[in-house]
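The values are calculated or read from the model by the stated rules, or taken from the named source; none is laboratory data. Please read all numbers here as calculations on a predicted model, not as lab measurements. No Cβ is skipped: glycine too gets one built from the backbone with ideal geometry, and neighbour counts run over all protein chains shown. The accessibility values were calculated without ligands, DNA or RNA, using every heavy atom of the protein model including side chains. Shrake-Rupley method; radii C 1.70, N 1.55, O 1.52, S 1.80 Å.
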Amino acid sequence: MKKTAVKIMLRIIVITAAVIAVAVGVFCAYMSRTLSIPKGRMTLDGEREWAKSHGVWGDLEKYDVEDYTVEGKDGYLLHCAFVSDSETKAGDKYVIISHGYTSNRYGAAKYVPIYIELGYNCVIYDLRGHGENDLTVCTIGNYESQDLLKLIDDTYGRYGDDICLGLHGESMGSSTTLSALGEGANVRFAVADCGFTNLYELIGTGFKANHIAFLEPLVDLDNRLFYGWSMKDTHAIDLVGNTSVPVCFIHGADDTFITPDNSERLKDACGGYTEIHIVDGAGHAQSREILGRSAYKKIVSDFLANIG
């Protein structure tokens, strides 16, 4: 009887361990795919309706919009739009605006009127794996920064080497923007809204809060095995010291997803002029919404005046 009980107990232990192993494997595979292939990507129409319902739609309909494509890293096609205003007739000032994770170029539209009113032409675009682009691996700032460098080159090629060109990024777009700066982006300024220091730390913080920090290396292993990238390679904070481009950091004080200390640490790591604005009452990617267009524009306008 004792031997039978021991055998049953061992069988239960083995089955339980197998179930746990399978559950861990499924969870890690799910998380890896969710990070690498953005789930629930917003359509252009969906993004427009969301922005309108939150009072941040950029009124693209009243501007001149020209759609086009640009080859990014390894020839990957990026869907872009050039936005200008024939009434204000902006001259040689341009800004490229990068949207956040699971959004698309219409998610960047909320910043367009700000720059149009400041005399800038705007380039908005779908980051890889988003919007109208072909489905592909998204690295949340690494490959995307290399795409952005190609877009910067294309913008100079289209509009002239002597233009004044800046960057603006939100969340993933902020990481993309800052990483591009660290990789030598030839621009005059950057505005980084609610960016993160490095992706491995960001995901790890969420895992720790749910007491599953031990799973992060396994998720990253799945990323490397199945999708060819590592979260550790998306690390703007290790790159921004390489640039002297002025950066304006904006972050919501109530952002619990990417906490404001991310922007503070990024600011401290930068190699050039920086300033930071923490917005009371704003959660993640809500600073534009909470402040309203005029107040947000004043931050940007004052920053541009400060850097001459």
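Extending 7 Å from Cα along the Cβ direction at V26 and again at M9 yields two label points whose distance is 2.9 nm.
Neighbours of H277 by Cβ distance under 11 Å: Lys/Arg scored +1, Asp/Glu scored -1, total -2. What does the C-alpha gyration tensor say about the overall shape of region 234-307? Classify as rounded when a/c is under 1.5, otherwise prolate if a/b is larger than b/c, or oblate. Note, shape of region 234-307 comes out oblate. Over region 1-132, the Kirkwood radius and the radius of gyration, each from Cα atoms, give a ratio Rg/Rh of 1.38. The Cβ shell under 10 Å around M42 holds other residues with a net charge of -1, Lys and Arg each +1, Asp and Glu each -1. Sorting W50, W57 by solvent-accessible area of protein heavy atoms yields W50, W57, largest first, with a 1.4 Å probe.
Packing, as the average of other Cβ atoms within 10 Å across residues, places the peptides 67-78, 7-18 in the order 67-78, 7-18, highest first. Neighbours of L149 by Cβ distance under 11 Å: Lys/Arg scored +1, Asp/Glu scored -1, total -3. Orientation-averaged projection of the chain equals 18.1 nm² [convex hull of Cα atoms, one quarter of hull surface area]. Think of a 1.4 Å ball rolled over the protein heavy atoms: the chain then has 45 Å² of accessible area per residue.
Sorting the segments 180-193, 281-294 by their mean number of nearby beta carbons within 10 angstrom, highest to lowest, gives 180-193, 281-294. The distance linking region 135-205 with region 29-63 is 19 Å (Cα centroid to Cα centroid, whole angstrom). For F249, the residues whose amide H sits under 5 Å from its own are A192, E275, I276, H277, ignoring neighbours fewer than 5 places away on the same chain, with H placed 1.01 Å from N. When the Cα gyration tensor is reduced to axis lengths a ≥ b ≥ c, the ratio a/c is 1.5 or higher for region 94-208, and with a/b above b/c it is classed as prolate. Under 5 Å from the amide H of L167 lie the amide H atoms of I96, F189, A190, V191, each residue being 5 or more positions distant or on a separate chain, with H modelled from the backbone and absent for Pro and chain starts.
For the residue pairs K208/K267; K110/K297; K73/K232; K150/K267; K110/K298, the C-alpha atoms sit more than 21 angstrom apart in K208/K267; K150/K267. A Cβ-based charge dipole, computed about the Cα centre of the chain with Lys and Arg at +1 and Asp and Glu at -1, lands at about 1660 debye.
For region 49-88, what is the Kirkwood hydrodynamic radius in Å, using each pair of distinct C-alpha atoms? One decimal place: 12.2 Å for the Kirkwood radius.
The packing ranking, built from the mean of other Cβ atoms within 10 Å per residue, places the peptides 262-271, 144-153 in the order 144-153, 262-271, highest first. Spread over its residues, the convex hull of the C-alpha atoms of region 210-262 is 126 Å³ per residue. Bridge orientation summary for the chain: considering DSSP beta bridges with both residues in this region, about 30 percent are antiparallel.
Here the Karplus curve 6.51 cos²θ - 1.76 cosθ + 1.60, taken at θ = phi - 60°, turns the phi angles of region 219-234 into couplings of 4, 5, 4, 4, 4, 5, 6, 9, 10, x, 8, 10, 4, 5, 8, 9 Hz, with x standing for Gly and Pro. Calculated on C-alpha atoms, the gyration radius of region 141-287 divided by its Kirkwood radius gives an Rg/Rh of 1.00.
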